[in-house]
Structures are given as structure tokens and as C-alpha cells.
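One structure below.
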Amino acid sequence: MQLKKELIQQVHNIISDAKNRAIRSVDKERVLMYWQIGKVILEEEQDGKERAKYGEFIIKSLSNELQPKFGSGFSVRQLERYRQFYRIFPNTSALRTQFSWTHYKTLLSIANEDKRTFYIAETEKNNWTARELERQVNSQLFERLLLSNDVKSVLNVARQEKLPTEPKDIIKDPMILEFLGLKREASYYEKDLENAIITHLQDFLLEIGNGFSFVARQKRIHLDGDDFFADLVFYNRLLQAFVIVEIKTDKLTHQDIGQLQMYVNYFDRFEKQDFENPTIGILLCADKNDAMAKITLPENNKTIIASKYQLYLPTEQQLIAEVKKEIEKLDDKE
């Protein structure tokens, strides 16, 4: 007699699910424990007359008592973090059961309340792991969205007051592709970048925006004896539309825009179902001329988007420089 493979797999799944539930349960209790410790510290501190000095005294004294018995999780720095945790999240109802303590440590490092609200909403909506959340914060997703979209609209989406309805609400510009692992000193062909994206497809889907799924690579389009190939094809369930991504390692040209427009038209006429929205085209380019793109495309264009990519995380100085540019543009308009 031989044991069925399906039975073995079924038992494996039961064990795995039970372990995962146990881990989530333990982490949930740990988060609640840290919140309660923070509550006790802050409430006791607020009862003191000289709050700053008394708070410092409480945390140091507690750490001296607790750390020898329970370990480094009760150091002065950690107890200060628990107090901050309670101060930022004073209601247990605001705690997300799917967030681990590692999630919350990243969120506590964000001082700006709107920015923190945005990342909480995005993490919950996309079911980001703690590692994915940390990467999005480090790649300055919030700041990049504010630079490329209407600020009020982005924050409304973050606060779940408004669902994204247009490509510009979802698709990032620029996209940060440091996870591709391409060396800084090398030069690249479009095929190199495409291969790297396919190799790191899960990370790319996370970076490109919400609601994307992969459809095809080098999609063949046959037109009256001629063959053309669209680099990457995705589908976005939020927009209910195909999304074609063309990769350009040089500066964007009007010929590139025309080629992508042809692919978009083809999908609209031969691939799109009646219930679906018009196809979206993304030109993922190393550099772009916004004025040229604007003139090349129809005035009411909403389906062709040019998005710059960066192979390395932006530094704080680069972000400040970008913000200054945006401020200068606003000043010129006044």
C-alpha cells in the first residue's frame, strides 16, 4: 500500500496553517502587550508634576527592573518606543490585527501624520509584509506620489475617502527599481532591463502600483504581414483595463509615444471586452521631456503615461531638490 500524495499535502497544509495562526496570535498579543505598557508609562508620567523628568525616571527605573528578567525588549529605548506607540495609537480599536510589531516599528518612525495614515492604508489594502512596508517607506513612495499627483487626491485615497479611478492615481512617477540589482557602473539595453523585471516580477508589481497582475511578455501583434512586440502586458483590476509597458533606456522620443499609442489602439480594438475600460500605455523611460510628450499626445489624453525609472533609491538631497523644482514651477505660474 502507498500513502496518497494528496493526503500528505493536506496534512502539511493543516500544520502550516496552524503554525501561521499561532505566529499571528503570538505577535498580536505582543503588540497588545507593548501598547498596554506604553499606556501605563504615559498615564503615570502625566500624573507627575515635572513630567519630562518624571517620565525619564519612570522609564529608566522600569528598564533596570525589567531588562535583567525579560531581556533587551525592555531597554530604555524600547520602553520609550512603547510609550510613543500608545501616544500615536491611543485607541486599541485603531490597531490592525494583521500588523506585526515590525510593521508598527516602521510606522512609528514616520513623524508626519498624513504620511503615516497613507502607509497604514496602503499596507492594509495591499497586505504588505513588514519588509515590503519598510521598502516602500525607504523608497519614498509617499513623497513621489505627492510630486506626481494632486496632493488632496492622494491623501483622500490614503484616507479611503476616494477610490482610485484614473491611471495617474495608481501609477507611480518616478518608479524606483533598485530591487533589480543592476550594477551602478554598467550600461544597459532594454532587453537587460526587461529580463531583470521578469526575474523580480513580484517586486515590480509592488512598485508599479496597486491592483496589477502579469499577462504577457513580448506580446506579438500581427498587422497586415508585419509583426510588432509589446514589451510587457499587465491587467489592472482596479481600473479594469489592460496596461502595456514599453521599456526605453534612452530619453523618450515622439516615435516611442507613437509606437505605444499603436499598441494601445490594437488592444482597444481586438483584446478589450465591452465591459472593460480603455487600455493604458506606460512608457518606462530613463528620461523624458514632459512638454514634448504633452504636445505629441491628444489634449484630453488619459491613457498614455510616461514614467521615469531610477535604478537606485533616491537620497534625501535628491528628494529636496525635486521638491524645490516643484515649488519653483508653482512660483512661475503665479
Taking the range 75-117, which residues are surrounded by 15 or more Cβ atoms within 10 Å (Cβ to Cβ), part of a loop (DSSP other than H, G, I, E, B) and among the β-branched types (Val, Ile, Thr)?
-> 110
Determine which single condition residue 51 fails, assuming it passes every other condition in (1) open to solvent by 100 Å² or more (accessible area, probe 1.4 Å); (2) at pLDDT 80 or above.
-> (2)
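Of the residues 108, 66, only one is without any contact (Cβ under 8 Å) to a residue 24 or more places away in the chain and either at positive phi or aliphatic (A, V, I, L, M) (or both); which? Please lay out each step first, then the result.
Working: 108 fails: without any contact (Cβ under 8 Å) to a residue 24 or more places away in the chain.
Exactly one residue qualifies, and that residue is 66.
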Residue check: is residue 267 open to solvent by less than 60 Å² (accessible area, probe 1.4 Å) and either in contact with a helix residue (DSSP H, G or I) (Cβ under 6 Å, 6 or more places away or on another chain) or at pLDDT below 85 (or both)?
-> no
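Looking at residue 40, is it modelled with pLDDT of 85 or more, assigned to a helix (DSSP H, G or I) and either surrounded by fewer than 10 Cβ atoms within 10 Å (Cβ to Cβ) or over 30 Å from the mean Cα position of the chain (by Cα) (or both)?
Working: modelled with pLDDT of 85 or more: yes; assigned to a helix (DSSP H, G or I): yes; either surrounded by fewer than 10 Cβ atoms within 10 Å (Cβ to Cβ) or over 30 Å from the mean Cα position of the chain (by Cα) (or both): yes.
Against the criterion (modelled with pLDDT of 85 or more, assigned to a helix (DSSP H, G or I) and either surrounded by fewer than 10 Cβ atoms within 10 Å (Cβ to Cβ) or over 30 Å from the mean Cα position of the chain (by Cα) (or both)), residue 40 qualifies.
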Here the residues within the range 202-247 that are β-branched (Val, Ile, Thr), surrounded by fewer than 19 Cβ atoms within 10 Å (Cβ to Cβ) and in contact (Cβ under 8 Å) with a residue 40 or more places away in the chain are 221
Quick one: which residue in 72, 16 is exposed (fewer than 10 other Cβ atoms within 10 Å of the Cβ) and within 34 Å of the chain's Cα centre (by Cα)?
-> 72
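The values are calculated or read from the model by the stated rules, or taken from the named source; none is laboratory data. Not measured: the values here are computed from a predicted model. Every residue, glycine as well, gets a Cβ built from its backbone with ideal geometry; the counts of neighbours run over all protein chains shown. The protein model used for the area step is the full one, side chains on, heavy atoms only, and it has no ligands, DNA or RNA in it. Shrake-Rupley method; radii C 1.70, N 1.55, O 1.52, S 1.80 Å.
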